[in-house]
Every structure is written in structure tokens, then in C-alpha cells.
Amino acid sequence: MNSAVSFFYFLSFLTILSAVMVVVSRNPIHSVLYLILTFFTLSGHYILLNAQFLAAVNIIVYAGAIMVLFLFVIMFLNMKQDQEESKTNLTKIAATIVGGTVFVILFGAYRKTAIEPFNPQTYDSQIGMIESLGHMLFRDYLLPFELASILLLVAMVGAVLLGKREIGERHF
Amino acid sequence: MDLVEFLVKTVTIVAVFGLTLVIAMYSTWAERKVAGFIQDRSGPNRAGWGGLLQPLADAGKMFFKEDFIPALANKWLFIAGPSLAMLTALLASAVIPFGSTFRIAGHEVPLQGVESNIGILYVFGVVALGVYGIMVGGWASNNKFSLLGAIRAASQNISYEVAMGLSLIAILMMSSSLSLGEIVAQQHGMNWNIFYQPLGFIIFITCSFAECNRVPFDLPECETELVGGYHTEYGSMKLGFYLFAEYINMFISSAIISVLYFGGYNYPGMDFVYAQLVKALGSETGHNIATLIGTAVFFGKALFFVFFYMWVRWTIPRFRYDQLMNLGWKKLIPLAIFNIIITGAAVLFLKPVITAWLN
């Protein structure tokens, strides 16, 4: 087994372990920290696939910004372990059904997918590099890219409107 | 990768690591000396000549103090906080180009830990992670003041990261590369980015003050409001790690500023010096000595900005929290976007005209 494959297995083990720990942890702060670890190991997978740009952006956006906000909110909530009144039997059963259904769907999709065979001689290993990614995005997929940016702009305007202070509203 | 290359990389990375630590250590001494100079007193002068052994004495004191963990603190996260702060502070030094190349027996060895084509994104990612050390430590202390300090640090870092990223975009539009080595190489011959991006530079340096939690943006450890901020409950070497991480961050951000805006290891008359050295000492020794001069110039620039941090610290009073947020969101971000538009217009319309006129 060469080093890349063994590293892949190590990384996958770590990913799955930390993902399981996200669900299993009693303390929500621990859950968030394990989720950050999961994002890191996913970035490791991207680097193994030679997609360095995706790895860096994954860290910046998810681990660096979104998870900080998650942590932020959870720290303010001050959750105690004895205040778990929301977890009744009904929600537990519903969660099990939903989770099981998603698992069955994903498993079915996985069984149906046929991975395209690739030729190691003609395969372009630089395809995940930022230069080729930029060419791809701005030449072949320009319209979807711009539409996504408009979507983000709309979301930003919405967030600003929600956060805006109404006229006459008290502030301290 | 063969063994020699691996060893060379290892030595480079360990050297960069050690150098960063030593510089951060002596920054603590320099800070007190600068403070002393500005406040018209001597500063540390008992341990060693001019107080030069003071950092070692401090480290010894920090190590031998009782390592105390509060009873109701979350033990593992309390330890993880300072460790994370140190880790994220040190990670960024890996991609900084400290000089051009060394020529040893026909091999070119770059004076850079890792040359990556996403160098600046890597730095940005590591900076974005810097907040976890403070947040985790502040929360794990189980103290309201620590928590408030941690929350302040997090919101401040997130806010200023946006403006920082936007000011970087203008640089990237000009260099059309994300590799730090490439950005430095393009600034050869007094082609420094500061002449093209003065506004971007001001935004960037303001944001790096905020990211390092330095005065005038040191709200997370504001004594008058928050006791000690996020490290209220910390003592001994754990507190030392927090303070030390701040100095490492200062050095790293100064190095990044000199790489991005002040041409890194480039200096005026560089080609002339290089030609003279190669003529006098041969292509190997001459090249190496020219590289060493470049590295010294790089450290000169970086250390000047470390001094600038200290200078500002003892000159400008602290902001109020709403002033900080208004400056970040309502002034710096629109300015950075304006800078991007101007840069884009200049690259598209002005640059062809000037190049045509020069030719």
C-alpha cells in the first residue's frame, strides 16, 4: 500500500470518527469543535485530491467563519445537560425515521452511481489547481457563477434589511 | 521526494519556526524598551546587558509558577485554548518567503518553508482560525468576564477579516497570482505594491492591528471593563502562551505586510549589488551573499512594522466598542470595495494606456 492510500485511510477514519463524535457528544460546544475537526479532515481529503483551492476555501469559509458563529451562538445559549426537555420519545422516533430514510436514499444513490473510469496516462492532475478552476468558472460556467453571486447579493440585502433599526425604535 | 530534498525542507521549516519564536521572544523585550523610551524611562535593564536576558527570566518565571486550573472550568478546553492560540499563530510562517534562493552545489534551495500556489489563501485561512484559541479558552474558563472578552475577540476578528480579505483582493487583481513567492518576485525593481495600493495598505494594516488584538483594538482584554478579558483565569505558562501568541502574530503580520506591500526581500539597487557580488565572488558565493543581504532587508522591513505596532500602542488610546464596529463595517468595508473598483478600472483601462505610452 503506498503512502497516499494509507494516508487516505487514516484521514477517512479520522473524518468518520469526528463526525460520529459530533452526534454523540453531550456537550454542544464539544459537538461544534468536533465539527470543525471534521471540516479540517475534509480539507485534508481535498488536498489529497490535489484541489488546494477548495481545501483553503473550505477552511476559510466553514471553519473560519461559519463555525465561529455557531460557537458564538452556542456559548450565549448556556445550555445545561439537565435541561433536555425537548427530547421526548416522539422527537426521538421522528429523528430515527428521518435519519434512516436519508441513509437509505444515500445508500441507494451510491449503489446506482457508476464512477467513470479514467485513464492515468491522459488524466490532468492539475485540474483542481486554482488556475484551471478559474478558467473553468469564468469561461465555461460564467452564467451559473454570476447567478450564484446575484443570489448571494440578494441574501446580503435581506440580512441588512433584517438587521436594520426601524425609525423610532429604541436602542441603547 | 528523495531524502535530501526532504531533509532540506525539514531544516528550512525548523529554521523558520525557531526564528519566529526567537523574534517573538525578543519582541517582548523590545516592547518594554520602546515603552520606556516613549515614556521617558529606561525599561528593563537589570537582567543582562540592557535587559537582554529579561525574556529568558520571564520564561523561567512563567514555567515555574503554579499551573492552576479553576474548579468549575472545562479542563480539557481550558488547556486547549492557549495551545490552539500558539498553534494557529505559528502555522502561518510556513509560506512566507524570507529571501530568494540559496545555491548549494548547483541546487537552488528557496528560503521559504512551503511554496504553494494558494499561499495567501493559506495565510488567510490560518488567520481566520486564530480566533478559536481565544474563544475556546474564554468559554472554558467559566467566567463571565472571560466569556465577554472571548465574544468581543470573535466578533472583532470576524468583522475585520472581511475588510482585510477585500483589501487583499485588490493586490491579487494586480499580481494575478496567489503565491506569495510570485507576488514578491513581481515587485522586483522598486515595483512595490505600496505605490499602487496606498489605500489598500492602510486598510490592511488597520485590519491586522485588529486581528492581532493590539491597541487601539485590544477590546478583548480591556482591563477597565473586563478585568483581564479572555485570559482572566489564566496563569503561569498558559497565560504566557496567550501573550506569546500575540507577539508571534505581530511578527507574522509584519512579515506579510512587507511581502505584500513593500517588496519582501527586494531593495533598490539590488541588481547592481548582485552583479558586483557575482563578479567578485563567483556565481555561487556571490549569489548566496546577495540572498543573505535580501533576507536582511526583509527582516529590516518586518521588524520596522513590529516597531510600528509598539509605537502605535503607546501613542493611541483604545477605541470604544461601538466605534470599533462602526469603523470596521461602515468605513473600512466600503473603502475596500471602492479600492477594488478603482483597481479593476485601472488594470482594465489605465494600464494599457500607460504601457502604450511608455513604449
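Here, each number is a calculation from the coordinates, and none is a lab measurement. For clarity, every value in this text was computed on a predicted model and none was experimentally measured. Please note: Cβ atoms are built from the backbone with ideal geometry, for glycine as well, and neighbour counts cover all protein chains shown.
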Quiz item: Where does the Debye-calculated log10 I(q)/I(0) of the protein assembly as shown sit at q = 0.07, 0.08, 0.09, 0.13 Å⁻¹, using only Cα point scatterers of equal weight, no solvent?
Solution: -0.47, -0.62, -0.79, -1.60
Self-check item: trypsin sites (Lys or Arg not before Pro) within region A:90-172: DSSP coil, no more than 11 neighbouring Cβ in 10 Å
Solution: A:164, A:165, A:170
Quiz prompt | GluC sites (Glu not before Pro) lying in DSSP loop within region B:74-177, provided at most 16 other Cβ fall within 10 Å | solution = B:115
Practice problem: Under a cut-off of 19 Å between alpha-carbon atoms, report the lysines in cross-link reach of residue B:331, not counting same-chain residues fewer than 8 places apart. | Solution: A:164
Exercise. Take each complete run of DSSP H in chain B, measure how far its Cα atoms stretch along the helix's own axis, and keep only those covering 24 Å or more with mean Kyte-Doolittle hydropathy at least 0.5; list them.
Key: B:3-38, B:75-91, B:119-140, B:144-175, B:236-261, B:270-313
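Could you order peptides B:147-156, B:24-33 by the average number of other Cβ atoms within 10 Å of their residues, highest first?
Numbers: B:147-156: 23.4, B:24-33: 19.9.
Highest to lowest by the protection proxy: B:147-156, B:24-33.
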Practice problem: Post the alpha-carbon centroid distance, region A:105-146 to region B:204-274, in whole angstrom. | Solution: 40
Quiz item: When the helix-only estimate is applied to chain B (DSSP H runs of n ≥ 4, each -39,500 (n - 2.57), divided by the residue count), what is the mean residue ellipticity at 222 nm, nearest 500 deg cm²/dmol?
Solution: -23000 deg cm²/dmol
Practice problem: For chain A, count all C-alpha to C-alpha pairs, find those more than 29 Å apart, and express that count as a whole percent of the total. | Solution: 46
Quiz item: Using 7 Å Cα-to-Cβ label points, what is the residue B:323/residue A:89 separation (nm, one decimal)?
Solution: 6.1
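Pull out a ≥ b ≥ c, the square roots of the eigenvalues of the alpha-carbon gyration tensor of region A:18-82, then state rounded if a/c is under 1.5, prolate if not and a/b is larger than b/c, and oblate in the remaining case. Present the calculation step by step, with values, prior to reporting the outcome.
On the way: a/c = 6.23, a/b = 1.92, b/c = 3.24.
Judged from the Cα gyration tensor, region A:18-82 comes out oblate (a/c at least 1.5, b/c at or above a/b).
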Self-check item: Averaged over A:55-64, number of beta-carbon atoms from partner chains that fall within 10 Å
Solution: 6
Quiz item: Taking only the alpha carbons of region B:1-105, what extent do you get along each of the three principal axes, in Å, biggest first?
Solution: 50, 44, 22
Quiz item: If one computes the Cα centroid of region B:1-27 and of region B:30-90, what distance in Å separates the two points?
Solution: 23
Exercise. Any chance you could check the Cα centroid distance between region A:24-52 and region B:302-359 for me, in angstrom?
Key: 34
Quiz item: Give or take rounding to whole Å, what are the principal axis extents of the alpha carbon atoms in region B:64-358, in descending order?
Solution: 68, 47, 34
Quiz item: Which of the pairs B:9/B:301; A:92/B:75; B:144/B:238; B:33/B:301 have their Cα atoms more than 27 Å apart in this structure?
Solution: A:92/B:75
